[in-house]
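No lab work stands behind these numbers, since they all come straight from the coordinates. The structure displayed is predicted, hence computed values, not measured ones. Every residue, glycine as well, gets a Cβ built from its backbone with ideal geometry; the counts of neighbours run over all protein chains shown.
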Amino acid sequence: MPDQNRVDVEKARELCITAYQRHGVPAQDAALAAEQFILCDLLGIPTHGLRRLSNYIGRIEVGGINPKPDIRVSSRLPAVAVLNGDGGLGTVIASRGVQEGIRRAKENGIAYVSCINSNHFGGNASYGWQASEAGLVCISGSNGTPTIAAPGGKTPAIGNNPIGYAAPGPNGRHFILDMALSIASRGKLRALRDKGLPIAEGVALDKDGLPTTDAGAALDGFVLPIGGHKGYGLATAIDLLSAVLGGGGIGTGIRHQFKQPDQPSNVSQFFLMIDPAATVGRDAFQQNILDFADWIHGQPAVDPAQPGRLPGEAAAERMARNRVEGIPMDSDEYDRLCGLADGSLSGVVPES
């Protein structure tokens, strides 16, 4: 079992930027991409933090990610924009989309940005955090490789499309909700398969569209959405908002980041930004958030020591601690980060 350590935030950021630049990513883009990993790690979402760096660099090395994309913005109205990411790092493309959305929302009260021809963008939470820091409410999402079948179907039709909601809270305690739409991730299924353990009933279907508790059969088939047809409906809505509305790839037009690492994924993201200054006013909105939080906290709890909380409160606490104590990282992960930065290691694209 690797030793657990904490890595200074600035040191981790520096190593990540260096690793990207070593692989042809311009300095400004490297900083944008690194920041998304750092934010996810600070928020306590390591699955979308620095441990993803090896995968992203591996895809740069085999040609699936363009390290120097020509990102172009088209716009027909002041509050609407579409970014064509040219197959670049999804974290760079989405970061540019967030910047564009923040600027347009502050000028117009609201803004919609679609990012097409993109790659895996990390987690919604980091972008929601940045929008909240700018004082804006944000709804975001990304489509992905089909892994969920339509109700009654026997082939994957829609991705496990994550959706995020964020709103600025007092003293950095922002409302942050980030969730994928399957009952269980494929990563969890792989872990159970490798241990020879079954999965719970109602989690996945086999390749013939039949229920299974065999993790291997589930990996050959597809996962089920949360809430049955309701989760499926949410996933399709994200495809509509991210790709269909922006002109991005859907269905078989999306490539698997692990099975086809040498090809751009052609996924899409969207960001819908709202400035409270255009509704009740920012000060009034902050008071409303406080009142809402007080209402939730004041509800009777089974365990008084664990009252109800708003999404994001625990993440804000983790961020405050991690900023001071450093990012939790085991010794193997740190060695890998250092190796990617000094060139002694190449990137690795994991199993699908």
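What is the count of Lys pairs in the chain whose alpha carbons sit under 26 Å apart, if the two are 8 or more places apart or on different chains?
Number of lysine pairs found: 13.
Taking θ as phi - 60°, what are the ³J(HN,Hα) couplings along region 86-98 by the Karplus curve (6.51, -1.76, 1.60), each to the nearest whole Hz, with x for Gly and Pro?
6, x, x, 4, x, 5, 6, 4, 5, 4, 5, x, 5
In what sequence do Asp3, Asp335 fall when counting other Cβ within 10 Å, fewest first?
Fewest-to-most Cβ neighbours within 10 Å comes out as Asp3, Asp335.
Which value in Å is the Kirkwood Rh of region 264-352 over different Cα pairs?
Evaluated over region 264-352, this radius sits at 18.4 Å.
Would you mind computing Rg(Cα) / (2.2 N^0.38 Å) for region 176-295, counting N as its residues?
Values: Rg = 19.4 Å, N = 120, 2.2 N^0.38 = 13.6 Å.
With N residues counted in region 176-295, Rg over 2.2 N^0.38 Å equals 1.43.
Could you tell me how far the Cα centroid of region 193-231 sits from the Cα centroid of region 137-160, in Å?
15
With +1 on the Cβ of every Lys and Arg and -1 on the Cβ of every Asp and Glu, and nothing else charged, how large is the dipole of region 1-133 about its Cα centre, in debye rounded to the nearest 20?
Details: 14 positive and 13 negative charges, 58 e Å.
I would put it at about 280 debye.
Share of Cα-Cα pairs in region 163-245 beyond 16 Å, in percent?
When every Cα pair of region 163-245 is considered, 61 percent fall beyond 16 Å.
Per residue, what volume in Å³ does the convex hull of the Cα atoms of the chain enclose?
149
In debye, nearest 20, what is the charge dipole magnitude of region 85-178 about its Cα centre with +1 on Lys and Arg Cβ and -1 on Asp and Glu Cβ, if you could check? Could you put the intermediate results ahead of the total?
Details: 6 positive and 5 negative charges, 19 e Å.
I would put it at about 100 debye.
Please report the relative contact order for region 141-249, taking Cα pairs under 8 Å with a sequence separation of at least 6, and give it as a percent rounded to a whole number.
Over region 141-249, the number comes to 28 percent.
Let me spell out the model: positive unit charges on the Cβ of Lys and Arg, negative unit charges on the Cβ of Asp and Glu, origin at the Cα centre of the chain. What dipole size does that give, in debye rounded to 20?
Taking the Cα centre of the chain as origin, the dipole is about 640 debye.
Give the shape of region 40-153 as rounded, prolate or oblate, defined through the alpha-carbon gyration tensor: a ≥ b ≥ c are the square roots of its eigenvalues, a/c under 1.5 means rounded, and otherwise the shape is prolate if a/b is larger than b/c and oblate if not.
rounded
Using 0.36 nm times the number of residues separating Glu133 and Asp70, minus their current alpha carbon distance, what extension gain do you get?
Additional length available on full extension: 19.9 nm.
Region 194-236: D in µm²/s via Stokes-Einstein (Kirkwood Rh, Cα pairs, 10 °C, 1.306 mPa s)?
Value of D from the Cα-based Kirkwood radius: 148 µm²/s.
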